[in-house]
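Taking it in order: structure first as structure tokens, then the write-up.
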Amino acid sequence: MKKSTSISHILQLVIPEEDMRPILEELQYTDVARKFTVYDLFLFLAEAAFQQWDGYRDGAQRMSLQGQRTVNYSTLSKKAKAVPFSVFKRLLNLMLGLCNRKTKRTLGIPKDLLIVDSTTISVGQGRLPWAQIKGRKAGVKLHVGLLGDSNELHKVTETPAIQHDLNSCAALLDSQFILVGDRAYGKHQLFDRYQEQKERQYFVIRLKDNTTLANPIPRLRNRPFEGGIEQDLTCQLGKKKALSENRFRVVILKDPKGNPVILATNLHWHSPEAIAEIYKKRWQIEVFFRWIKQHLNIPKLFGTTENAVYGQLYVALLVYVLLKFLFEQGNRIVHASARLTFANFDRLFALHKLPVEWRIYLAQAVHFINTNW
């Protein structure tokens, strides 16, 4: 067991079993089990993510240590196959509503940043026959929208790994935020749609290096560029049938290795340096993916069906939301000299057992939940 603090007890305070019943009714799923319910499976998957258990068989041997109902590993497997993963997706959205807070605005931009990207969890070809990738692998993708200044989850969807990121972008969009994405999201026709829709979607998205910049006009600049910026212009994007109908702003800069970075945006009232800083925040989602893969057991897929795989992944993300909330709440109620940075938070989870200080944080956060929920 890699961690000594049970997440199940905290989850039962935040999302009690009665909160799951309306979700099951809405999805028209009847839970006929008496010994091991959908809620029991939910607590098991959460503990498996938090404790980094190796699978159903390993978890079945450890459940009693966490105060959970004990069942055979085959029962766990059957239950995970049967329960629609949409149940856990709804629970994740419920947790987001309970724990998320408005982020602080920086850089003088009118809206917060919504960073979008995906991560792939791959396994051997025979494990997921319904999610084959080229070669001898299979896998699934989690497509994530992350709020840029707070690392809060905003939206999540799932697909087989073979599906292109662009196809899932619509499920992550929100015109209340500025969309920030890498080259996978750089389709010119979508830029036109973002610009022309009733609720305009502002964006900063990297373009492919070979993108044609048609009819470029440099923007006026009274002082030298800074921070590796080389050009700031407006133009149409693409050529012939792929030519964009609207003109967009393009900021061209060099990364630390000297490679060109071409950014397209419809933000016109900020300096090119500010546009570059917005895009640099995209790296936060890469840190997020690294964190959940290292600390929430995501690379180890227990089951082989869609319900089992996606259900496990959504519960792991729910655990992330709860842990982040506990971390922030713990920092809020302790003296400033004793507060943890997020780097400390990351290092604590690399240890085999949580130290006394972190248990105190959890105890204080649980007290807050008991008195406020």
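The values are calculated or read from the model by the stated rules, or taken from the named source; none is laboratory data. Since the structure is predicted, the reported quantities are computational estimates derived from the model, not experimental observations. Methodologically, a virtual Cβ is constructed for each residue, glycine included, from the backbone with ideal geometry; neighbour enumeration extends over all protein chains shown. Keep in mind that these areas ignore ligands, DNA and RNA; they rest on the heavy atoms of the full protein, side chains included. Shrake-Rupley method; radii C 1.70, N 1.55, O 1.52, S 1.80 Å.
Quick notes on this structure:
- For LYS35, the conditions (1) surrounded by fewer than 18 Cβ atoms within 10 Å (Cβ to Cβ); (2) not in a loop (DSSP other than H, G, I, E, B) all hold with the exception of (2).
- Any hit, the range 299-306, residues being modelled with pLDDT of 90 or more and open to solvent by less than 10 Å² (accessible area, probe 1.4 Å): yes
- Within the range 18-56, no residue satisfies the criterion of being under 23 Å from LYS324 (Cα atoms) and more than 25 Å from the chain's Cα centre (by Cα).
- Residues within the range 1-32 that are under 17 Å from ALA308 (Cβ atoms) and crowded, with 16+ Cβ neighbours inside 10 Å, tallied: 1
- Residue ranges of strands (runs of 3 or more DSSP E) in the range 170-248 with at least 2 members in contact (Cβ under 8 Å) with a residue 12 or more places away in the chain and more than 23 Å from LEU147 (Cβ to Cβ): 213-218, 229-237
- Options GLY67, GLY108, GLY59: the member that is within 19 Å of LEU318 (Cα to Cα), modelled with pLDDT under 95, over 21 Å from the mean Cα position of the chain (by Cα) and not β-branched (Val, Ile, Thr): GLY59
Residue-by-condition table, conditions (1) open to solvent by 20 Å² or more (accessible area, probe 1.4 Å); (2) touching a Phe, Trp or Tyr at 6+ places or on another chain (Cβ under 8 Å):
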residue: PHE191; (1), (2): no, yes
residue: GLN197; (1), (2): yes, no
residue: VAL204; (1), (2): no, yes
residue: ASN210; (1), (2): yes, no
residue: PRO216; (1), (2): yes, no
residue: ARG223; (1), (2): yes, no
residue: ILE229; (1), (2): no, no
residue: CYS235; (1), (2): no, yes
residue: LYS240; (1), (2): yes, no
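- Selection of the range 64-97 for residues being open to solvent by less than 30 Å² (accessible area, probe 1.4 Å), closer than 17 Å to GLU25 by Cβ and not aromatic (Phe, Trp, Tyr) yields VAL83, VAL87, LEU91.
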